[in-house]
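Colleague: What follows is a single structure, and I will ask about it in a moment.
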Amino acid sequence: MADGGRSYSEHDDRLGLSMKKRKGRGPFRAKMLGESSYNYRRGGGYGPNPRSRLDHDDLDTAMSDAHDSSHSRFTPYSRGARRRDNKPGNLRRKHNVDSSDTAPPNRAEASDGRGSWHKITVPHGKKYEKDWLISVLQNACSLPFTPIQYHCDHSRAHFYVDDAATAKALKDISRTCTDRENFKITVLTRPCLPPVAKEFHVFMKDEEIGHFKNCMQKRYDGATLALDMKSLRSDSDLVANKVDLILNRRSCMQAMLQIIEDNVPELLSLDISNNKIYKLDDMAEIHNKAPNLKILHLSNNMLKTERELDAIKGLKLEELWLDGNPLCDNFHDEGVYIRAVRERFPKLIRLDGHELPPPIIFEVETPLTLPPGKGSFLSSDELKVLILQFLQQYYACYDGEDRQSLLNFYHDEACCSMSIPWLTWQNPTRSSLEPYFKDSRNIKKLKDLSVRIKLLKHKRLNVVGFLNELPRTQHDLNSFVVDIVSQSNTLLCFTVNGIFKVDAQSSDTVFAFSRVFLAVPGNDGGLLLVNDEQFIRNATTEESHKAFAAPAPTPSSSPVPAQPPVPQDMLQAFIQFSGMNAEWSQKCLQENAWDFERAAQIFMKFKAEGVIPDVAFIK
């Protein structure tokens, strides 16, 4: 394959780029080879296939180690504390030789499926917000495109496109756009294999989870509440059962955390060293899964910067091991290294086996804490009764067997839409949100205008028909938080946040929802919905624990008082007396318990004060 007159090999084993034979003396060829390798390290060439991302990172570091070997670099604590063979660069070079799963594809594999898929790279793209960067590229590109599997690696941002013409259009806009600091944005493209799941997310089978659980049980020490998961992939039992578990995969890490939460949430010590872990984002929930964890071993992994520790800084660690990670070589001063780690873990007393000086903590007499969260915001008792009765009646119908009765809650011109978060690594067929995927109108991800219009339900019959097709649910009314956004005499906007389950699912999966209702007054004094916008997501661990903790009120246990029939003769008399329309006359009588004289006195008082709106007299 050629680019700009230069030839290179798809299979780059970092021993040098494959060049066509040229006439000339050996020294000239050697010089040309060295320049190519140098340009590759500087970012001017092409990297290995996405399937070998880990090897790409390893080899980058190995080459940089060789390039910087003439410079002395600080190793925390002492230069003799770590053997040369155990340095991160040497460990990674050894792993690259021994590990078969991360080897780059051969030339035959590299040629399969190429021609349409291209990997797009933006050097220094990590410093930009994803939405801003994609928006700039989409506006400048002559062809529309949707980025696939956007991710960052080192300082670069990457994504894929599945069309060669789109890739060429992106290449043409390289260095034609500028960022907020007036620097030009470079766009690099190269053909590649279709992106594979191994780089992002792989779902574990039930049989694999069973073997994983048995492995963790064998490695757990109940006397010290310690779990030893180092060198997991070489575990003899897993190898014997042909189970390939790699903790740098999202599914494996999350499965381990879930098993810990279900079986040993009191865990005090966790050792996950020697597992080629290069990021800690998948461990972000560990402070909820193992809240008592005090000791964490991360030695001899592939963490490149101390910023990776931000994902787990919710842990109250007292002992941490990081030696053998590339991040240790980034510090030229021991004090800076300790401060960088202690910024994330203020209570740390031991780092890499060395006692740390006691932390300097200023005692504050009055601790500054955030005010406690408030519940529902309802501006008046009258609106509170109105909205809560409406929600109880609405969700009694929504959670019932037949949702056709929801027709009574919607205006003739009502609109409705539903959306869910769209995570690029998710496999829709294995997601708990799968029943909602086809109807999701997430306009942040949905670029096709015709599809957006199709997913917006308009007219009362279409709205209720759409809601009737959604899975049957059970809502936890005690979890509802209601906030009034705005109100007027003829319009009311309020939001509802809460928890629910899907009846058809055998598991105890709990979902969270946020719903925005826009309502107008109905003829019977109730509410009619003119707009209904719903957002559904997976509930957090804390939300799941609190869900359905108390029995929710039901229509049978807490019946809503039936509205008395409207006395038409009294209503007509009040309309003639007050000059107001039927809606406001009925409202005035209802608020005064259908006492004509009292309602008349209140009306005369408010009319004299000029507080009755003009809309009350429009007939």
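Colleague: With r as the distance between the Cβ atoms of residue 258 and residue 148 and R0 = 25 Å, compute the FRET efficiency 1/(1 + (r/R0)^6) and round to 0.05.
Modeller: The calculated FRET efficiency here is 0.30.
Colleague: Here's a follow-up. Using a 1.4 angstrom probe, figure out how much accessible area segment 244-372 has per residue, in square angstrom, rounded to the nearest whole.
Modeller: Value returned for segment 244-372: 48 Å² of accessible area per residue.
Colleague: Can you give the local net charge around residue 354? Use residues other than it whose beta-carbon is closer than 12 angstrom to its beta-carbon, Lys and Arg +1, Asp and Glu -1.
Modeller: -4
Colleague: Right, next: Leaving out ligands, DNA and RNA, and with a 1.4 Å probe, what % of the accessible surface on segment 180-295 is carbon or sulfur?
Modeller: Using a 1.4 Å probe with all protein chains present, segment 180-295 comes out at 51 percent carbon and sulfur.
Colleague: At 7 Å along Cα-to-Cβ for each site, give me the label-to-label distance between residue 611 and residue 130 in nm.
Modeller: 5.2
Colleague: Given a 1.4 Å probe and every protein chain left where it sits, what share in percent of the accessible area of segment 297-358 is carbon and sulfur? Please list the in-between numbers first.
Modeller: Values: 1330 of 2690 Å².
Carbon and sulfur together cover 50 percent of it.
Colleague: Another one. Just flag the chymotrypsin sites (Phe, Trp or Tyr not before Pro) in segment 153-262 sitting in loop per DSSP whose Cβ has no more than 15 other Cβ atoms within 10 Å.
Modeller: 183, 203
Colleague: Mind jotting down the distance between the C-alpha centroids of segment 219-255 and segment 306-356, whole Å?
Modeller: What the calculation gives is 24 Å, centre to centre.
Colleague: Tell me the trypsin sites (Lys or Arg not before Pro) within segment 439-476 that lie in a loop according to DSSP and have at most 10 other beta-carbon atoms within 10 Å. Could you put the intermediate results ahead of the total?
Modeller: Numbers: sites: 441, 444, 445, 447, 452, 454, 457, 459, 460, 472; in loops: 441, 444, 445, 447, 459, 472.
Here the trypsin sites (Lys or Arg not before Pro) that fit, given the DSSP loop and packing criteria, are 444.
Colleague: Further question: Give me the net charge for the shell around residue 452: Cβ to Cβ below 13 angstrom, other residues only, Lys and Arg +1, Asp and Glu -1.
Modeller: Neighbourhood net charge equals +4.
Colleague: I'd like to compare 162-169, 392-399, 324-331: which one has the highest average count of other Cβ atoms within 10 Å, and what's the full order after that?
Modeller: Top of the packing list down: 324-331, 392-399, 162-169.
Colleague: If you add up the charges near residue 167, with Lys and Arg at +1 and Asp and Glu at -1, over every other residue whose beta carbon is less than 11 angstrom from its beta carbon, what do you get? Kindly include the intermediate steps, with their values, before the conclusion.
Modeller: Working: positive: 119, 168, 171, 190; negative: 162, 163, 172.
Summing Lys and Arg as +1 and Asp and Glu as -1 gives +1.
Colleague: Using 0.36 nm per residue of separation minus the Cα-Cα distance, give me the extension gain between residue 544 and residue 334 in nm, one decimal.
Modeller: This chain segment gains 71.3 nm when fully extended.
Colleague: Additional query: Once the piece of chain linking residue 250 and residue 572 is laid out straight, how much longer is it, given 0.36 nm per residue of separation minus the C-alpha distance between them?
Modeller: The span from residue 250 to residue 572 would gain 109.0 nm if fully extended.
Colleague: Using a 1.4 Å probe on the protein chains only, how many percent of the accessible area of segment 396-540 belongs to carbon and sulfur?
Modeller: On the way: 3690 of 7190 Å².
Accessible surface attributable to carbon and sulfur in segment 396-540 totals 51 percent.
Colleague: For the cross-link pairs 127/276; 242/445; 127/316; 127/447; 289/546, which exceed 27 Å when the distance is taken from alpha carbon to alpha carbon? Spell out each step's value before the answer.
Modeller: On the way: 127/276 25 Å; 242/445 39 Å; 127/316 29 Å; 127/447 25 Å; 289/546 15 Å.
Beyond 27 Å between Cα atoms: 242/445; 127/316.
Colleague: Among rounded, prolate and oblate, which fits segment 380-488 when a ≥ b ≥ c are the square roots of the eigenvalues of its C-alpha gyration tensor, a/c under 1.5 means rounded, and a/b larger than b/c means prolate?
Modeller: It comes out prolate by the Cα gyration axes.
The values are calculated or read from the model by the stated rules, or taken from the named source; none is laboratory data. Please read all numbers here as calculations on a predicted model, not as lab measurements. Using ideal geometry, Cβ is built from the backbone for each residue, glycine included, and neighbour counts are taken over all protein chains shown. We work out accessible area using only protein heavy atoms, side chains counted, and drop any ligands, DNA or RNA first. Shrake-Rupley method; radii C 1.70, N 1.55, O 1.52, S 1.80 Å.
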